[in-house]
Structure formats: structure tokens, C-alpha cells
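Shown next, in C-alpha cells, is the structure this report addresses.
The values are calculated or read from the model by the stated rules, or taken from the named source; none is laboratory data. Note that this is a predicted model, so its numbers are computed, not measured. Cβ placement follows ideal geometry from the backbone for every residue including glycine, while neighbour counts extend to all protein chains displayed. Just the protein is used for accessible areas: all its heavy atoms, side chains included, with ligands, DNA and RNA removed. Shrake-Rupley method; radii C 1.70, N 1.55, O 1.52, S 1.80 Å.
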Amino acid sequence: MLPDLDRHLTDAATAVAEAGDLDALRALDAELLGKASVVTEARRELGAMEPDERKDAGRRLNEVRAELERLVSERRTVLEAGQRAAVLEAERLDLTELDRGQRLGHRHVVTQTWERLEDIFVGMGFTVAEGPEIEDEWHNFGALNFPPDHPARDMYDTLYVEHGEPGSTLLRTHTSPVQIRVMEAGEPPIYSIMPGRVFRSDTADATHMPVFHQIEGLVVDRGITFGDMAGTMDAFTKAYFGREFTSRLRPSYFPFTEPSAEFDIRRDDGSWLELAGCGMVHPNVLQAGGLDPEVWSGFAFGFGLDRLALMRHGIDDLRELFRNDHRFLSQF
Ligand code: PHE
């Protein structure tokens, strides 16, 4: 006598459908198809049956067994798919995020320095002005009190551009021509900085590049003194390097300032690095800019922007800034 196999199949189908995970299904698999299962037990009893009865019962048992196997296997497919989805969800990485992170660059250390300097000076009340990189001889030299053929022009290894009269057009050798352009543009008071790229026919070495950056400062107002200049440069350098920096002003010569000075900062090894030229704006320069030197006085300075970046980051060779080696630049 076989047990009620229809009932058994119905119960089994319900149990399989309710198996919530693969462990539960595995246990059910053993219970429905293993050694102690209803179908296995029933098979053992076949031997005691009459041949005809045994044949039918055997066929029926095989069908039931196959049906049970199908139920379990279908349920396993469903549960496995669910588990895979859960694992994928748990191990999910946002690859778009990763990708963006790898490709995003950052500002070049010189650009960072440029922006930082602008921030400091804007914080001190200065405005920012810019001028052309290709200049005329007048703005780069003449208006800045370099007489024609004056030896001071030799301080600058000038790159001339083939345009107009020979010698009339050049790549600006400093940002000082922007001083003239700012004076031409409006009445004082002037409190401006003028960052930009400048060019000299120099051979690259650890402290020189043929293309480099300067940040010019110009203050023109009533009653401006050398003391105002020293105080401004000191305030700026403390803001940029920190309070404990050591610097010095050393007498120098520029045709466009009188008196003129060189501003140096002390390196860790005790040597001095020239960071800026500065001085009181020469009366001839005020005049060239359309201002009355009897009314107005002022000071000007020109910092080497790249050198400021070197000093601040402890880089010892200017050329490193422009090799475009990603491994170097990504440090800053
Ligand atoms: N233009 C000068 C240079 O490039 C620096 C400077 C600027 C000096 C302003 C005095 C005043 O060497």
C-alpha cells in the first residue's frame, strides 16, 4: 500500500514554495528525497508487492519523485538568483565615482600660487588688473623711464616680435608695463596688482626660465612713502609664508623707481633668494602715465610668482614646475 502521494505532493509544493533561503531548501531536499523521505521509504515497500501492483506503484513513485525534484530545483533557481542579486548589491562599487576621481585634475601649482596671491592682495584692498603679453616698446621701456639705448635695457634679454618698425613690438619682459596701462586707465587712488606671464631670452636653470610669471603691485595716492611700501611687502610676505619668515630690503636700481630696492627672503640653508624688485614710482613714470608727480606719489613692486611657489613648497628647481611630469605636479 502506497501512502497518499497526491497529498504528499501538495504538502511538498507548499513547503518548497515557503523555503526562504538555500539552507532551508537544502534541508527540505533531504527531507523530501533523502533516505528517510516518504518516496524512498515507499520504494522499499515495492519488493513486498505483487508484480502488477509493483509496476504501477513503481511508475507512480518515479513520477512523484521526478515532480519533487522539479519543485526543489525550480525553487533553487529562484533562491540562487535572489542571492546573487543580494551579493551584487552588497559588493556594489560606484565605478562612475571612481572613474571621475581618477580623471579629475587639479590646478597647476603656479595657478594655485597665482590665485592665492590674488586672494591675499584682494583681502588687503587691492584690485586685479591685466595687460597684454605682446607689448609695444613704449609701455615696456619708454614710459618706464628707460631712455633709448640706455644700458638698463640690457638687464632684460628682450624677445622682439616681427611687427611694425624693428624693435617696436616685443614680448613683455616684466609686468611693469601694466603699471602704465593702469595709470592711463583712470585717476588715483590706485591700489592694484597685475599678475601675468613674462618672457626673456634666458637659458633655463634652477632659478631662471625664459617664460615665467610675475605679480606687479602699484599703489598711487596722496602722501605715499617708502615706509608704506616696506609695510605692505612685509604684510604680504607674512600672509603668504607665515609670521616667522625673514626678509631684507637691499638697495638696487631700476629706471622706473627711485629709490629702488631688492626684496630677498631667507632660505632654510641660510642663503637669500631674490623675490622682488620694488621702489618709489619715479616722477617721470607718473608723468608718462598722465599723473602729476606734484600731487601723487606711489610705490611699485614686482614679485617672481614662480619663485614664491618654489619657496612655499620647498621646491629647489624652477624647471620642475614646467616639465609637466604628472608625478611631480600631483604632489601640490
Ligand atoms: N619690473 C622689475 C623686474 O622685472 C621688477 C620691479 C617692479 C622693480 C616694480 C621695481 C618696481 O625686474
Per the filter on segment 29-65, residues within 16 Å of residue 10 (Cβ to Cβ) and either open to solvent by 20 Å² or more (accessible area, probe 1.4 Å) or not assigned by TED's automatic domain parsing to the domain that holds residue 13 (or both) are 31, 38, 60, 63, 65
Among residues of segment 215-244 being within 13 Å of the ligand (Cβ to nearest atom) and open to solvent by less than 20 Å² (accessible area, probe 1.4 Å), the residue nearest to residue 114 (Cα to Cα) is 215
By residue number, the members of segment 201-214 that are in contact with a helix residue (DSSP H, G or I) (Cβ under 9 Å, 6 or more places away or on another chain) and surrounded by 14 or more Cβ atoms within 10 Å (Cβ to Cβ) are 204, 207, 208, 209, 211, 212, 213, 214
Residue 108 vs (1) within 16 Å of the ligand (Cβ to nearest atom); (2) farther than 19 Å from residue 193 by Cβ: all pass except (1)
Of those in segment 150-161 that are over 29 Å from residue 297 (Cβ atoms) and away from the ligand (no atom under 14 Å from the Cβ), the residue nearest to the chain's Cα centre (by Cα) is 159
Going through segment 162-187 in order, the residues found to be charged (D, E, K, R) and away from the ligand (no atom under 16 Å from the Cβ) are 162, 165, 184, 187
Residues in segment 188-200 that are within 11 Å of the ligand (Cβ to nearest atom), among the basic types (Lys, Arg) and within 14 Å of residue 131 (Cβ to Cβ) total 0
Kindly evaluate residue 84 against the criterion of being at pLDDT 90 or above, open to solvent by 90 Å² or more (accessible area, probe 1.4 Å), of a type outside the set (Gly, Ala, Ser) and not assigned by TED's automatic domain parsing to the domain that holds residue 310. yes
Of the listed residues (129, 143), the one being open to solvent by less than 100 Å² (accessible area, probe 1.4 Å), closer than 19 Å to residue 306 by Cα and modelled with pLDDT of 95 or more is 129
In segment 179-189, anything open to solvent by less than 40 Å² (accessible area, probe 1.4 Å) and modelled with pLDDT of 95 or more is listed as 179, 180, 182, 183, 188
Selection from segment 259-308 of residues touching a residue at least 40 places away in the same chain (Cβ under 8 Å), more than 39 Å from the chain's Cα centre (by Cα) and within 15 Å of the ligand (Cβ to nearest atom) yields 282, 284, 285, 286, 288, 289, 297
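I need a count of the residues in segment 128-152 that are assigned to a strand (DSSP E or B) and over 20 Å from residue 277 (Cα atoms).
Final tally of qualifying residues: 3.
From 247, 176, 192, 252, which residue is of a type in the set (Gly, Ala, Ser), open to solvent by 30 Å² or more (accessible area, probe 1.4 Å), modelled with pLDDT of 90 or more and in contact with a strand residue (DSSP E or B) (Cβ under 9 Å, 6 or more places away or on another chain)?
From the options 247, 176, 192, 252, the qualifying one is 252.
Residue-by-condition table, conditions (1) more than 18 Å from residue 107 (Cα to Cα); (2) surrounded by 14 or more Cβ atoms within 10 Å (Cβ to Cβ):
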| position | (1), (2) |
| --- | --- |
| 293 | yes, yes |
| 296 | yes, yes |
| 305 | no, yes |
| 316 | yes, no |
| 320 | no, yes |
| 325 | no, no |
| 332 | no, yes |
For residue 120, the lone unmet condition from (1) closer than 30 Å to residue 289 by Cα; (2) β-branched (Val, Ile, Thr); (3) exposed (fewer than 15 other Cβ atoms within 10 Å of the Cβ) is (3)
